[in-house]
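Here's the structure we're looking at; comments come further down.
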Amino acid sequence: MFSHEISVLRNTFRRLLRRHAHTNLTKIIQKTHPADLAVLFRYFTDVEQKTLFDLMREEEHTAEFLTELDEAILVKILENEDPERIATIFHELGSNDQADILNLLSEKMTNAVLELLQKEEKKEVEEIMGYPEDSAGGLMSTDVFTLHENIIARDAIQSLQDQEEAEMVFYLYVTDNDDCLVGVISLRDLVIAHPEKTLGNIMTKNVVSVQPETDQEEVAKIVSRYNYLAVPVIDLEDHMLGIVTVDDVVDVIREEATEDFLQMAGAGKDREILLKSAWGNARSRLPWLFASCIGGVAAVAIIGVFKNMLETTVALAAFIPVIIGMGGNIGIQSSTIIVRGLATGRVDIGNNLKIILKEIKVGLILGILYGLLLGVFATLKFVNTTPYLGLIISLSILSSMIISTFVGTLVPLLFRKLTIDPAIATGPFVTTSIDIIGVTLYFLIASALIPSG
């Protein structure tokens, strides 16, 4: 829905809320797509959200709405809701969506809702909740069925027609006598196959699958690489546990990208930071800015060591922001490229050295170009100062840009090897370290070229 339509719909809801027109509100809720309704809830107050949710019926429309809601709003609405009503709505959700929502709620509310679910439903949800939240097991839907490889195509189609609860039957998974996954058939191939052919003769035997412990980013890479609509999740004995569907993968890609961007900007990793209070927002950014503060203090200390040089050659002070800015900029560029490459799979362990050397070459080329440019400018601008100023600026820019590309490339790769999120490296960590290194190199080069005394 376009922003104009959202605005009109928001005003309509508020007008009806002011009039307490609950009958009309119920009708418009039913006609509004759950995803659009979830967007609208961002603009309502807590009281308005509570009123509207109370008017929603315990049906599929409301269940889908819950899966679309921002996490912060979802928790706020459900934490004070009647567990019986939540359990009733849950009957319209898949086990993976139920687990996702319960993982956000308090332990008390989660246990209360679980106790109200049917025995089989509860078992499935608890199984999914037992896996890490960011794993294939935590994402998978268990509402999936399989067919034996000896079944003929006609019977398989009939079985499909009887499976109303199955999750996204674009693929049909085939098992053997030991109930192990041995093949997969697309719905198209099944429909056009000869009715008497067995599934074993139609299926693709090379099935790309994942373990329940597989990280969700790896699952997303598989779906992206092979353009699959779903990926089967199997245990160590190749028994089918569930499937991760493309709609869940799209959510993963969006969430991971959001976290990376926030961390690269030094704003924490809370995807819902815009919905937090001013204090909560500030608290998320506090440690990251503290790192920058420490780096700034260190840079000031380094400049203080060379204060005598600054007093005799004042022109050096004019270029400190340029040295810091150029180095920091190219360092962020390098680290951003590497972090994105790691996320998309274009950067891996096998080509680390090649990538580092390539980025250093980039730093060398840009360092020579900008070093010459700024060196000439410094010489022409400050004619009455030391004749070595242009050379100092040129060498400082060159060395700073080479070191910055090296640090910006190496740190994310090192963090990845240490199983630390490499996105952190692109924030204050890299910029602060590059600032310190850049200032230090600048004054060391200056002290080496400017005659003492």
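The values are calculated or read from the model by the stated rules, or taken from the named source; none is laboratory data. Source: prediction; values computed, not measured. Glycine also receives a Cβ, built like all others from the backbone with ideal geometry; neighbour counts cover every protein chain displayed.
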Count - residues of segment 8-56 that are in a loop (DSSP other than H, G, I, E, B) and not hydrophobic (A, V, I, L, M, F, W, C): 5
Could you tell me which of the residues PRO212, PRO232 is of a type outside the set (A, V, I, L, M, F, W, C), out of contact with any helix residue (DSSP H, G or I) (no Cβ under 8 Å at 6 or more places or on another chain) and not in a helix (DSSP H, G or I)? PRO232
Matching option when the condition is in contact with a helix residue (DSSP H, G or I) (Cβ under 6 Å, 6 or more places away or on another chain), assigned to a helix (DSSP H, G or I) and either exposed (fewer than 13 other Cβ atoms within 10 Å of the Cβ) or modelled with pLDDT of 75 or more (or both), among GLY304, GLY296, GLY328: GLY328
Which of the residues belonging to segment 198-210 are buried (at least 16 other Cβ atoms within 10 Å of the Cβ) and under 28 Å from the mean Cα position of the chain (by Cα)? VAL207, SER209, VAL210
Which of the residues spanning segment 382-393 are surrounded by fewer than 20 Cβ atoms within 10 Å (Cβ to Cβ) and in contact (Cβ under 8 Å) with a residue 12 or more places away in the chain? PHE382, THR385, THR386, TYR388, LEU391
Residue list for segment 115-132, filter: outside any loop (DSSP other than H, G, I, E, B) and under 26 Å from the mean Cα position of the chain (by Cα): VAL125, GLU126, GLU127, ILE128, MET129
Answer yes or no: is there a residue in segment 166-173 that is in the same structural domain as SER209 (by TED's automatic domain parsing), modelled with pLDDT of 90 or more and touching a Lys or Arg at 6+ places or on another chain (Cβ under 7 Å). no
Matching residues, segment 139-154, being out of contact with any Leu (no Cβ under 6 Å at 6 or more places or on another chain) and assigned to a loop (DSSP other than H, G, I, E, B): MET140, THR142, ASP143, VAL144, PHE145, ASN150
Among the listed residues VAL430, VAL383, VAL407, identify the single one that is assigned by TED's automatic domain parsing to the domain that holds ASP348, more than 17 Å from LEU310 (Cβ to Cβ) and not in a helix (DSSP H, G or I). VAL383
Mind checking which residues of segment 215-241 are in contact with a Gly (Cβ under 8 Å, 6 or more places away or on another chain) and under 17 Å from MET129 (Cα atoms)? GLN216, VAL233, LEU241
Look at segment 69-96 and say how many of its residues are assigned to a helix (DSSP H, G or I) and either closer than 20 Å to TYR43 by Cα or without any contact (Cβ under 8 Å) to a residue 40 or more places away in the chain (or both). 16
